[in-house]
Each structure stands twice: as C-alpha cells, then as structure tokens.
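Each reported figure results from applying straightforward, stated rules to the coordinates on display, with no laboratory input. Since the structure is predicted, the reported quantities are computational estimates derived from the model, not experimental observations. Cβ atoms come from the backbone with ideal geometry, glycine included; neighbour counts cover every protein chain shown.
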Amino acid sequence: MRISEMNWMMVEEYLKRDDRAVLPLGSTEQHAYLSLSVDSILAERLALEAAEPLGVPVFPALAYGITPYFRAFPGTITLRVHTYMSVLRDILDAIAEQGFKRILIVNGHGGNTPAQGLVGEWMADHPGVRVKFHNWWNAPKVWAQVQAIDPVASHASWMENFPWTRLAKIKMPSEQKPMSDLEKVRRLDPKSLREYLKGGNYGGLYERDDEEMMRIWRTGVEETRVLLTEAWD
C-alpha cells in the first residue's frame with residue numbers, strides 16, 4: 001500500500017502491528033527513447049507489487065539520484081553525492097523515528113549504489129533498526145533471467161523497456177546497438193559521453209517481446225518480496 005494513500009492515523013495504527021516499510025530509490029535521467037523517470041517508475045512499481053500482499057507500506061520514490069555523467073542530456077537532474085547522502089540520511093532518520101524498524105530500500109539506479117555504504121554507517125548509529133539495500137535489476141534471479149533471454153543488455157536497452165516505461169507514439173529503433181566500451185564511458189565528461197552514446201542506449205536491442213519482459217518482472221517482484229518475509233538479522 002502507498003503511504004500517499006494513507007493518513008497519519010492509519011500509519012500509526014499500522015505501526016501497532018508491524019514495523020516494516022519500503023523506500024524506493026530512483027532517478028531522473030536519460031533513458032534513450034524511454035521515459036526520463038524509468039528508474040523511479042520501476043523501483044516504485046516493483047516495491048508496490050512486492051509489498052501489497054503483505055500489507056507493507058511503500059513510501060514515494062526518491063526521484064532524484066546521482067547521475068552527473070548524463071548532465072548533457074536535457075531533462076536529467078543530478079544531486080551531488082554529499083547532498084544525496086544527506087537527503088537519504090534524513091529520510092531514514094524520520095522513518096526510524098516514527099517507529100519503523102525494518103526498512104527495505106529498493107534501488108532502481110546504479111548511480112545510487114554509493115548509498116549502500118551510507119546504510120551500513122547509518123545502521124551502526126541506529127541499533128535495533130535493520131535496513132536491506134536491494135538493487136533489484138541486478139539481483140541474482142533477475143539478472144539470471146535477463147542473461148537467459150539476451151546477454152546483450154544494458155542501460156536504456158530492452159531490459160528497461162516495460163509497458164510502463166515506454167512512451168506513447170515513440171517508435172523504437174529496430175537494430176541491436178553494439179555494446180559501448182564501459183571503461184571509456186566511465187572516463188568521459190558529460191558532453192563527450194552524449195556524443196559517444198548518441199541516443200543514450202549503452203548497447204543491445206531497444207525492445208523485446210512483452211512476454212519476455214513480464215518473466216523478468218515477475219522474477220523481480222518475487223525476489224523483492226522474499227526480502228520482506230525472510231529473516232532480518
């Protein structure tokens with residue numbers, strides 16, 4: 001259930017019987033022909049579908065992340081690392097203060113991964129609170145499913161093209177883009193990176209059959225739900 005569909009009294013009542021919550025992390029950045037909000041859309045939707053049968057509340061996705069390398073693509077918004085860490089720390093502080101003691105972070109953006117280090121530091125300062133940090137897109141079962149379908153998969157390629165991340169009336173290129181040199185990608189400044197990537201896809205087809213995509217999605221939902229039900233120690 002969405003926190004946005006609850007009032008404070010409902011949350012207070014929930015906390016009398018459970019202390020779990022989910023916090024999705026996303027970003028607003030270029031994804032070639034897909035929505036600029038791909039990472040936020042996927043993290044929040046996946047979190048909701050995983051948590052719904054368990055009655056666990058899901059906070060709104062933190063829709064801005066760490067993505068300085070894409071600054072030359074219009075619409076991309078990035079936070080400085082120290083800003084992002086401060087914002088996430090404040091959110092965790094507030095959630096814990098309310099009485100949530102088991103927090104699952106569902107991260108949808110690779111650039112946010114440095115926050116995983118913050119989580120360990122934060123837990124050391126908050127005994128009794130447990131936080132799981134879950135990069136859903138490259139979790140073991142999801143990644144195995146992706147590789148089984150097509151090993152040429154990357155940022156803004158078919159593996160992020162779900163019915164809810166594509167845009168109406170936008171036609172996808174039909175070719176398979178050669179995989180970019182990822183070491184080179186990491187060295188380029190934003191302007192040079194845009195010139196190198198062209199449309200923004202790192203490599204691979206732009207779309208695949210929705211039946212294949214739903215297999216990945218169902219795997220992601222199930223893998224995430226397990227994290228809410230298994231031991232937190």
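Straight-distance candidates among the lysines for linking to Lys171, with alpha-carbon spacing under 17 Å and chain neighbours fewer than 8 residues away dropped: Lys198. Over the chain, the fraction of Cα-Cα pairs per 5 Å bin, rounded to whole percents and listed from the shortest bin up, is 1, 6, 14, 18, 19, 16, 12, 8, 4, 2, 0.
List the lysines whose Cα lies under 23 Å from the Cα of Lys16, skipping any in the same chain that are fewer than 8 positions away. Leaving aside lysines fewer than 8 places away in the same chain, those within reach of Lys16 are Lys101, Lys132. Once the trypsin sites (Lys or Arg not before Pro) in DSSP loops with at most 14 neighbouring Cβ atoms within 10 Å are cut out of the chain, the longest remaining piece is 81-168.
Considering only alpha-carbon pairs that sit under 8 angstrom and 6 or more positions apart, the relative contact order computed for segment 92-172 is 28 percent.
Remark: relative contact order (segment 1-104) = 34 percent; criterion is Cα-Cα distance under 8 angstrom and separation of 6 or more residues. Full extension of the segment from Glu175 to Ala72, taken as 0.36 nm per residue of separation minus the current Cα-Cα distance, would add 34.6 nm. In order along segment 110-127, the phi-based Karplus estimate (6.51 cos²θ - 1.76 cosθ + 1.60, θ = phi - 60°) of 3J(HN,Hα) comes to x, x, 7, 4, x, 5, 4, x, 4, 4, x, 5, 5, 5, 4, 8, 10, x Hz; Gly and Pro are listed as x. Taking other Cβ atoms within 10 Å as a rough exposure proxy, Phe70, Phe59 sort from fewest to most as Phe59, Phe70. Per residue, the average separation of C-alpha pairs within less than 8 Å and at least 6 apart gives the chain a relative contact order of 24 percent. Find, among the GluC sites (Glu not before Pro) in segment 133-232, those assigned to loop by DSSP (not H, G, I, E, B) with at most 13 other beta-carbon atoms within 10 angstrom. When the GluC sites (Glu not before Pro) of segment 133-232 are filtered for loop state and at most 13 Cβ neighbours within 10 Å, Glu175, Glu230 remain.
So the label point goes 7 Å from the Cα of Asp189 along Cα→C-beta, right? Which residues of segment 63-84 then have their backbone N under 14 Å from it? Residues passing the 14 Å test: 69-72.
Extension gain for Glu211 to Ser4 (0.36 nm times residue separation, less C-alpha to C-alpha distance): 71.4 nm.
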